[in-house]
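Chemist: Quick one: this structure, given as C-alpha cells, is what I'll be asking you about.
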Amino acid sequence: MIFAKTAFRSLLKNKGFTFLNVLGLTLGLATCLLILFYVTDELSYDRYNTNADRIFRVNTDVKLGSNLTSFAIAAPPASAALTRNFPEIESSVRLLKSQSARFKKGNQDIKEYQVANSDPGIFSIFTLPMLEGDPNTALTNPNSVVISAGAAKKYFNTTHAIGKILEQIGDSDHITIYTVTGVMRDIPTQSHFNFDFLLSMESIPESRNTNFYSIYPFSTYILLRPGVDPQRLEAKFPAFMRRALTTGGYSYDAFEKGGNYMKLNLTPLTDIHLTSNRTDELGPNGNRQYVSIFSAAALLILLIACVNFMNLSTARSANRAREVGVRKVLGSPRKYLIAQFLSESVLITLAATLLAVVAAWALLPLFNQLSGKTLAITAPMLGWLLPCLGAIVIVVGVLAGSYPAFFLSAFQPIDVLKGKLAMGFKGGRLRSALVVFQFSISIFLIIGTLVIYHQLHYIQSKDLGFDRNQVLVIKNTDALRNPRLLQQEIKSLPGVLNITLSSFIPTGSQRWHNFGTTSTSTHPLGTEFWPVDTGYLNTMGIQLSQGRNFSSQLSSDSSAIIVNETAARMLGYAGAPLDKKVTYSFNGGQREFHIIGVVKDFNFNSLRDNITPLAMVMAPGWEDNLSVRIQPAQTDLPALLAQLEDKWRTFAPRQHFVYSFMDEDFDALYRTEQRLGRLFGIFTFLAIIIACLGLFGLAAYAAEQRHREIGIRKILGAEVSALVLLLSRDFIKWVLLAVLIAVPLAWWAMSKWLESYAYRDSLPWWVLAIAALSALVIAFITISFQSIRAALANPVDSLRAE
C-alpha cells in the first residue's frame, strides 16, 4: 500500500510524464480491446453447437481434365449412404438452400432469403433449441416448416405459432401450404448459416435423387461418434466413392484413368467460416488472413505504447538519479526501489486500462460500423474480459516498467552523488533501438494502408470486360406473373437504352455450374451456364469477338449457345468455334446446342479468381432481375426512378420496389477489402500518434538535458535553425534507420497479400517513397516543436539555473 501511495505522489509530481504515458497506453489498450472483440467474434463462429468438435461438412472435389472445381456440397444420396456404410458416423443431415422464397402475409408478398429445405436430423446435430414443437418429428412430414422466433413474430406477431399456416408463392402464383410444426430460437449471428425457415426435405423431389453424379447444392453434414479420427474416416472415402460411382455399366476406373476424379473430403464445422471458400457455400465466409493481420496489428500497437513507457522512463532517469542515490544512502534495498518503480508502472497501466475500457465501449458502435460487425459487451463476455483485463494490467505494467525499474535501481549512489553517472538521454542504445522499432511498425502500417487502397483503386478502375456503369437492376421480378410485360413497358420509357431479364448477372450471386461435352472431348467440361435473353449482351456491355448475338427472329436460336473465350479454348474450339456442338444437361435431359458466338472474357467472379468458362443460352423462365441500361448524363434519374416504380406497382402491387445500381453491387463485392483499408488506416493513424507521443516526450527531455549547451551556443551566435537541426539530428537518424528496416519487410508482406488476387497491380515505388517521407516529416514536426521551443528560450535563464 505504501508503494502505491508513494507511486501516486510521484506521478502527480510529474504530470507531463504521467499524461503522455497514460494517453499512449490508453490508445494502445483501447485499440487492442476493439481488435480483441473482433478476433474473438471471428473465432467463435459455430462454436455455440454443443458437439461442434464432432460436426464436419462433406465436400466434393471434381476434376475433369485440367478443370478442378471444389464444391462445398455433396450428391443427394451421399448423406444416407455415408451413415449406412460407416459406423463412425452417428448421424447426418442435408440442407438445400433456396435462392429466395416468397410467402404471403396478409395482402403482401414477402421475399425471404434465409430459407432452406432440411432433413429431420438437423436438430440432433446442430444446437438449435426449440421454443415450441418436437425437434425429433418437426420436419418428418412433407409441407412442414420450422421457423425462427424472429420469423414467427414477423408473420404471426407471436412465437406461439404451432399449427399456423404459411403460404409459399411459386411460379405462376401457385400456392404451396406449409404447416408450422416448430419454432426455434434465432440462430446466433456467429454461424456460417442463418436460416429463418427450415422446410421439410420431403417436400421436394430432388431429395430422393439416388445419382452420385448429380451436382445438386445439398450441403451435407455428419456427426462423428466420440473418439473417431476424421482423417482415418476420410481415408476410407475413395473406396466408397469408387463403389458408388461404378453403376449402370459406367466404369469409374476408366473415368479415373483419363485424369479425372470425384472425391469427398471433410471440413471441420469450426473451420468453415475462416478457411472455406468453395463453390456453393451457404453464405459469405470470413478470412483467417485478416484475423491474423488484425491480431498482429493489435499486438504491435500495444508494443508501441509499452515502448513509449520504457523510453520516457529511462529518458527521465537524469531527473530521478539523485532520488535513487539518496534512497540507497538512507538504506533502501534495491528490491524496494524495484517495487517502487513497478508500482508506478502498474498504477499508470491500471489508469490507462480503465480509460481504455471506457473508450472501447464508447467507440464500439463506430467500430461496428467500420467492420460490419454487431459486437456488444455482454455478460458472458465480461466473464473472460475482466480476468483478461487484470492480466493485461499486470503483464503490461510489469513489461513496460521492468527495464526502467531494473535500470534505475541499479545506479550506484556514490557515482550519482559525485555526478559521474552518464545520465538520461545520451548513450541510450536501447532507447534508440526502441524508437527505431516504433517507427518501423508505423512505416510498415503506412505502406500496408497505401497498398490496400492502391489495389482497391485498381479493382474499381479495371476494365472488367463488361460495363457496370449506368445499369439499374430491379430485383425480385420472378414474383411477377409475366415479367416480360413489365420489360416491354420499361423499354419504351425515355432514357432507357437497353433492357434484359436474367437471374444471372456479373455482379450477382446466383450461379449455375453445368457440364458440357463435345464429340471430340474425352471428358466433360465444367462451365458456368446462364440462361439469358436477346438484350443481355447489349445491356451488360459485353463484346463479341466472333459470331453474332441471339435473335428472337430465328427459331433455331432456341438451341444456340454463346461461350466466352476461355470456354472456347478449353472445349478445343479456340480456332474455329462457330457452329460447333456442345451437349449440356438441361430441363431434365441432355440437349445439344450449336455455338453461334464467342464473347470476350469478362470478370463475373471476384478479381481474386481467374476467369472461368462460361456458356449462355437463350431460355425464358430465369428472370429474377430486370437490368436496365440508362442513357447517361441527360437522363433525369429521380424522374426515371419514379416512373419505374409506378410501372412496378402496376404489375406487382403487393411487392416492394427493390433496386440497386450495378456499379454499387460491384463495389459491395469488395466491401471486406474496403473495411480492411479503413481499419488499417485508423490503426496506422493511432500507431503514429502513439509513436509521436513518445518522440515528443523524448525530444522534451533531450532539450531539457541540453539546455545549458543550447544557452552557450546561442550566446556564441548559433542560429535557431542550426540549434533545431542539432536537436533533431539524432532522432531523424533513427527514423531513417526505421525506413531501411520497414520498407523491405512491408514490400515482402504486401506482395504476399497481393498474391491472393489473380488480377493485381504491381507495387509502385511511390508507395514506399510516400511512406518513408511521411514518417520523416511527422517525426521532424514532432521533434521541431520542442526543439524550436528550446532554441528560442532565453540563454540567460538556462545559465543562471546552473
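The values are calculated or read from the model by the stated rules, or taken from the named source; none is laboratory data. The structure displayed is predicted, hence computed values, not measured ones. Every residue, glycine as well, gets a Cβ built from its backbone with ideal geometry; the counts of neighbours run over all protein chains shown. The accessibility values were calculated without ligands, DNA or RNA, using every heavy atom of the protein model including side chains. Shrake-Rupley method; radii C 1.70, N 1.55, O 1.52, S 1.80 Å.
Chemist: In nm, to one decimal, how far is the modelled label at LEU485 from the one at ASN538, with both set 7 Å along Cα→Cβ?
Modeler: Label at LEU485, label at ASN538, 2.4 nm between them.
Chemist: Using a 1.4 Å probe on the protein chains only, how many percent of the accessible area of segment 515-569 belongs to carbon and sulfur?
Modeler: The C+S portion of the solvent-accessible surface of segment 515-569 is 47 percent.
Chemist: Let me ask you something else. Pulled fully out, how much extra length does the chain show between ASN143 and LEU131, if you take 0.36 nm times their separation in residues and subtract their Cα-Cα distance?
Modeler: Here the segment from ASN143 to LEU131 would lengthen by 2.3 nm.
Chemist: Same structure, new question: Under 18 Å from the 7 Å Cα→Cβ point of ARG649, by amide nitrogen: which residues of segment 90-129?
Modeler: It comes to 107-110, nothing else.
Chemist: Can you give the extra length, in nm with one decimal, that the chain gains between ARG242 and LYS462 once fully stretched, where that is 0.36 nm per residue apart less the Cα-Cα distance?
Modeler: 74.7 nm
Chemist: Would you please give the FRET efficiency between LEU363 and TYR113, computed as 1/(1 + (r/R0)^6) with r the Cβ-Cβ distance and R0 = 35 Å, to the nearest 0.05?
Modeler: 0.65
Chemist: Using a 1.4 angstrom probe on the protein heavy atoms only, could you order VAL115, VAL658 from most to least accessible area?
Modeler: VAL658, VAL115
Chemist: Could you work out how much longer the chain between GLN190 and ILE781 gets when fully extended? Use 0.36 nm per residue separation minus the Cα distance between them, nm to one decimal.
Modeler: Length gained between GLN190 and ILE781: 208.2 nm.
Chemist: Could you sort 266-275, 343-352 so that the peptide with the highest average Cβ count within 10 Å comes first and the rest follow in order?
Modeler: Output ranking for 266-275, 343-352: 343-352, 266-275.
Chemist: Another one. Could you order TRP765, TRP747 so the one with the most accessible surface comes first? Probe is 1.4 Å.
Modeler: TRP765, TRP747
Chemist: When you count, for each residue, the other Cβ atoms within 10 Å and take the mean per peptide, how do 596-603, 549-556 rank with the highest first?
Modeler: 596-603, 549-556
Chemist: Search the structure for amide H atoms under 5 Å from the amide H of PHE504, placed 1.01 Å from N in the peptide plane, and list their residues when 5 or more places away or on another chain.
Modeler: The list, which skips near neighbours in sequence, is empty: none.
Chemist: How high is the FRET efficiency between ASP253 and THR176 when r is their beta carbon distance and R₀ equals 30 Å, given to the nearest 0.05?
Modeler: Working from the Cβ atoms, E equals 0.10.
Chemist: Of LYS63/LYS580; LYS111/LYS153; LYS105/LYS154; LYS462/LYS752; LYS111/LYS154; LYS475/LYS647, which pairs sit farther than 19 Å apart, going by alpha carbon to alpha carbon?
Modeler: Result: LYS63/LYS580; LYS462/LYS752 exceed 19 Å.
Chemist: Please work out the Cα center distance from segment 106-160 to segment 491-516, rounded to the nearest Å.
Modeler: Segment 106-160 and segment 491-516 have Cα centres separated by 32 Å.
Chemist: Between LEU43 and LEU578, what is the spin-label point distance in nm, taking each point 7 Å from the Cα along the Cα→C-beta axis?
Modeler: Reported label-point gap for LEU43 and LEU578 is 6.1 nm.
Chemist: I would also like to ask the following. What does the accessible area of LYS111 come to, in Å² to the nearest 10, when a probe of 1.4 Å is used?
Modeler: 30
Chemist: Please list 3J(HN,Hα) in residue order for segment 338-352, calculated via the Karplus relation 6.51 cos²θ - 1.76 cosθ + 1.60 where θ = phi - 60°; whole Hz, with x for glycine and proline.
Modeler: So the J values, rounded to whole Hz, are 4, 4, 4, 5, 5, 4, 4, 5, 5, 5, 4, 5, 5, 4, 5.
Chemist: Residue by residue through segment 151-160, what is 3J(HN,Hα) from phi via Karplus (6.51 cos²θ - 1.76 cosθ + 1.60, θ = phi - 60°)? Round to whole Hz and write x for glycine and proline.
Modeler: 5, 4, 5, 5, 9, 10, 6, 6, 8, 8
Chemist: Accessible area, 1.4 Å probe, largest first: how do ARG654, ARG675, ARG94 sort?
Modeler: Descending order: ARG654, ARG675, ARG94.
Chemist: How big is the accessible area of CYS306 in square angstrom, nearest 10, if you roll a 1.4 angstrom probe over the protein chains?
Modeler: Surface open to solvent at CYS306 totals about 10 Å².
Chemist: In addition: Would you mind putting 97-105, 564-572 in packing order, based on average other-beta-carbon counts within 10 Å, highest first?
Modeler: Top to bottom by mean Cβ count within 10 Å: 564-572, 97-105.
Chemist: Sticking with this structure for a sec: Might you work out the accessible area of ILE165 for me, using a 1.4 Å probe with all protein chains in place, and round it to the nearest 10 Å²?
Modeler: Ignoring ligands and nucleic acids, ILE165 comes out at about 80 Å².
Chemist: I would also like to ask the following. Cross-link candidates for LYS236: which aspartates and glutamates have Cα within less than 15 Å, leaving aside residues fewer than 8 places away along the same chain?
Modeler: Once the sequence-local aspartates and glutamates are set aside, what remains near LYS236 is GLU88.
Chemist: Hey, any idea what % of segment 633-674's accessible area is carbon plus sulfur with a 1.4 Å probe?
Modeler: Using a 1.4 Å probe with all protein chains present, segment 633-674 comes out at 51 percent carbon and sulfur.
Chemist: Keeping every protein chain present and rolling a 1.4 Å probe, give me the accessible area per residue for segment 105-191 in Å².
Modeler: Per-residue accessible area for segment 105-191 comes out at 45 Å².
Chemist: Next question, about the same structure. Using a Cα-Cα cut-off of under 18 Å, which aspartates and glutamates could be cross-linked to LYS335, ignoring same-chain neighbours fewer than 8 residues away?
Modeler: GLU323, GLU344
Chemist: How much accessible area per residue does segment 192-271 have, counting only protein heavy atoms and a probe of 1.4 Å, in square angstrom?
Modeler: I get 48 Å² per residue for this part.
Chemist: For the modelled label position 7 Å from the Cα of HIS513 along Cα-to-Cβ, which residues of segment 568-590 have backbone nitrogen atoms closer than 17 Å?
Modeler: 585
Chemist: Still on this structure, I have one more. What list of ³J(HN,Hα) couplings, whole Hz, do you get for segment 125-135 from phi and the Karplus terms 6.51, -1.76, 1.60, once you set θ to phi - 60° and write x for glycine and proline?
Modeler: 9, 8, 8, 10, x, 8, 7, 8, x, 9, x
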